[in-house]
Structures are given as structure tokens and as C-alpha cells.
Amino acid sequence: MTTAQTQTPTQTPTRTQTAGTGPPTAKPSLWDRRFTLYFTARAVSLVGDAMMPVAAALAVGPLYGISGVGLVLGTWTGTFVLLVLFGGVFADRVGARRMMVGADLVRVVTQGVLAAAFFAGTPPFWLLVTMAAVAGAAVAMFQPGVNGMVPLVAREPQRANATLKVADALAQLLGPALAGLLIVLTGAGTVYAIDAGTFVLSALCLGLIRLSPAAASPEAPADTDSTSVSASVSASAEPSSLRRDLRQGWREFRSRTWMWAVILIWVAYGVLLFGPMVPLSSAVIGARLGPNAYGLAVSSLGVGTVLGGLLALRLRPARPLAAGALAMVLFAVLPLCVALGAGLPVLLAGHVIGGGAWAFWSVMWATSVQTHTPPDVLNRVTAYELAGSVSGIALGQILAGPATRLASPTTLLLVSAGTCLAGCAALLSIPAIRTLHRIARTESTEPSDR
């Protein structure tokens, strides 16, 4: 959630809006130097990342089968889940930007090693799994800061989130098609080498961002209960420790019913929907229409994500999570069209619809987390929600191969579609999710980082 892409710890809001108060008289500029550098860093690395699922499916799959693809992806995801909580603590302690730069440099090494291995011939399975584990650890240090960096480089979270989602969508549009073409023409080594290069550029852009010193601490968001606020104040007055920081983040996460309820649903989504999607869809589409068709399908997902992101730039629903849950109903079209053996035009259209639904939900979710969470614990809270939601994906990826011994891939994809619809019904049935209101803030002070 996912991918799944905050209120800055030091911004002082000049106005706080809730639903029904009307839009601000003027929008602050989005494209200043900080956001431009951050956008460039994210956009270029997202292109490389978008190539990886196709590379894993089309390069690892023929060598080690569906189980091999699932184990490589599952190792990456599982390592991420195990370490992401520590990534959130470190990002709050030393600054999100520093952690992100270091993680980028680690991934330059892992992707470079894999590129060399594919150029040399057939990489051993242990090397694929080992590099997946190291890369997953690096992402665990990187990802909590992605959420926390947004208010440090942009004054209006929803506009920034939607813009970054469009970049993510364009990456999903270009990356898979490019990966499929490069694998056919030059082999998987080129894809991994390009991915390593994107992390070099990302680290450079992040390193060039200059953030202002802390100016002030904003008030806690309205939905933070008094117990949570007291815990935050008490914890901040005590000497910091890893255990105390983790416990404080957990208290903040647990105090928000809407947040942990969404994550519980996302665990089920991970096991039955998102986790098996790449191994199962790549196998079904590749066997029926060829590997290029799978690349086109994932690119169509990117087209839909662009459209969903653009829609999220314009729409500001008073109840963002309810609107996002309604949009997610349409995501069920994606596994359905694969499972039912739709022709290529219908298959691509289904991926466009699914991508749009996913993008709109993602922007609504990210903005809700950023604007309803105290800034000084945002990276830790983000780490908890990431650990919960991604843990299901790891399990789903690992189980995708063994599950095909019990049922056909098409049957499993039908189960995925049913899970999507059931999850949307659950989201809309929980009052804390359905009634959560939008909070929009604009700031007069310069963003800052620790």
C-alpha cells in the first residue's frame, strides 16, 4: 500500500480545514527545488522497480518455475516485513532522507550483482534468494521515510501524493513493457543493470535536497485520543531507546481503529489477492498469450494508475477512505478478466480499470495516514502499517506455487476476485473507516528534517 508510494514534524499550520469549510484561497507552489528533486528521485527509481516483477516472472520463472518466482519475491517481502519496524525507528531518529540515501546505495550493489550474474549465465537460486533478502532489508530502511518525506518537501500532502502516484503509474506503464522487450532482446542482465543505475540517480537527487531546521511542532491531529497524546509527550520526555520508540509507535498505531482495521483487511488481501497476483497472472497470461502479453497487461495497469492518480488530484472527498473503498470494488475486475480467459483487449481494459481503482485508494490512504498521525511518530506508525499490510503479501507470494497443487491458477484468481469484493464490503461496514473525514492543511513555514 503497495504499494503499496504525512504531516511534517516541524511545520506550523496557518489554517486547518476539515470537510465542509471550503478550499483555501490560493494553492501553494508544489514544484519548488525540494519537491522537484524528490519527485525525480522517486520517479526514476520507480521505473527501475516496475521492471523487477516482470524480470522475476520472465527471467526467474523459466529457470525455477512458479515456486521459484514466489520464493524470490516472498524472500524479498518477508525480509522487508521483519525489518521495517526498525526502519521506522531509525528514520525518526536520524532522518528519513539519510536512511533513504543509504538504502539506495545498498540496492545499487544488490542489483549490480544480479546483473553481473545474469550476464555471466544462469544465476544460482541461492544467489537470487540472498540478493532478494538484502534488497528487502534495504527497502525496509527506505520505505518508512517515503511517507515521512512528503510533508518535508511539499506543503499540500494530497497534491503531492497524487502527483507521485501519477509518476508511479507512468513507471508501471513504461517499466514492464521495457523489461519485457529488454529480456527478449538482451536478457535479464540489462534489466537489473538499469535498475542499479536508477538507484544511483535516486541517491544523488535525495542527497541534494536541502531541508530547513526545525521551526515548530504542530498540534496533534483531531483524531488522536488523549491517552495517545499523553503517551507521546511522556515518551518524548524520557531518554530514547529502541524498545521505547517501538512501543510508542505501536501505541499510536493501535489507538486508531480506522488504521489497524484497514491493515487487518490488507493482510487478507495480501495472502489471497496481492501476493499471488504476479506469480499466477504471469503464468496464466504467459501460457495463453505469450510473455509480451503479460508485459502489456502490467503496462495497462500503469495506464489505469495514471488515470486514477489524475482523478485523485481533482477529487477531494469529505470521507476519503469510504471513497477509496468504493473505488477498490473495481479492482476485482483485474483478477476476474485473467481467470476468465478474456481476450487481449478485454484483458488490457481490465488492468486499466484495476490500476485506476488501486491508485485512487492509495492516494486517499496515504493522505489520511499523513494528516491524521502526529508528525514525530509518523515514520514509526508508517512502519507498523507497512509491516502489517506487506506481511500478507509475503505469505501469499510464498504460497502461490504450493497452492497450484490444490487448485488451478484460474480458480485461485477467482478466489482473489471474491476476496477483493469481500474486503471492500468490510471496509464500508466499519464506522471508523467509513466516517473518517478529510483534513487538509497548508503551512507557512519551510519544511524541515531531523
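Laboratory data are not the source of any read-out in this text; all were calculated from the coordinates shown. In this text the structure is predicted, and so the values were computed from the model without any measurement. Here the Cβ is made from the backbone with ideal geometry for all residues, glycine too, and neighbour counts use every protein chain on show.
Any chance you could check the Cα centroid distance between segment 108-149 and segment 365-387 for me, in angstrom? Spelled out, the Cα-based centre of one part sits 26 Å from the other. Placing a label point 7 Å from the Cα of residue 432 along the Cα-to-Cβ line, the residues of segment 284-326 whose backbone N sits under 16 Å from it are 321-322.
Here each label is just a point 7 Å from Cα along the line to Cβ, and for residue 208 and residue 30 those points are 2.1 nm apart. The orientation-averaged projection of the convex hull spanning the C-alpha atoms of segment 63-123 amounts to 4.8 square nanometres. Protection proxy ranking, highest mean first, for peptides 397-406, 321-330: 321-330, 397-406, where packing is the per-residue count of other beta-carbon atoms within 10 Å, averaged.
Under the shape rule built on the C-alpha gyration tensor, where the axes satisfy a ≥ b ≥ c, segment 313-425 is oblate, since a/c reaches at least 1.5 while a/b does not exceed b/c.
Between residue 311 and residue 408, residue separation times 0.36 nm minus the direct Cα-Cα distance comes to 31.3 nm.
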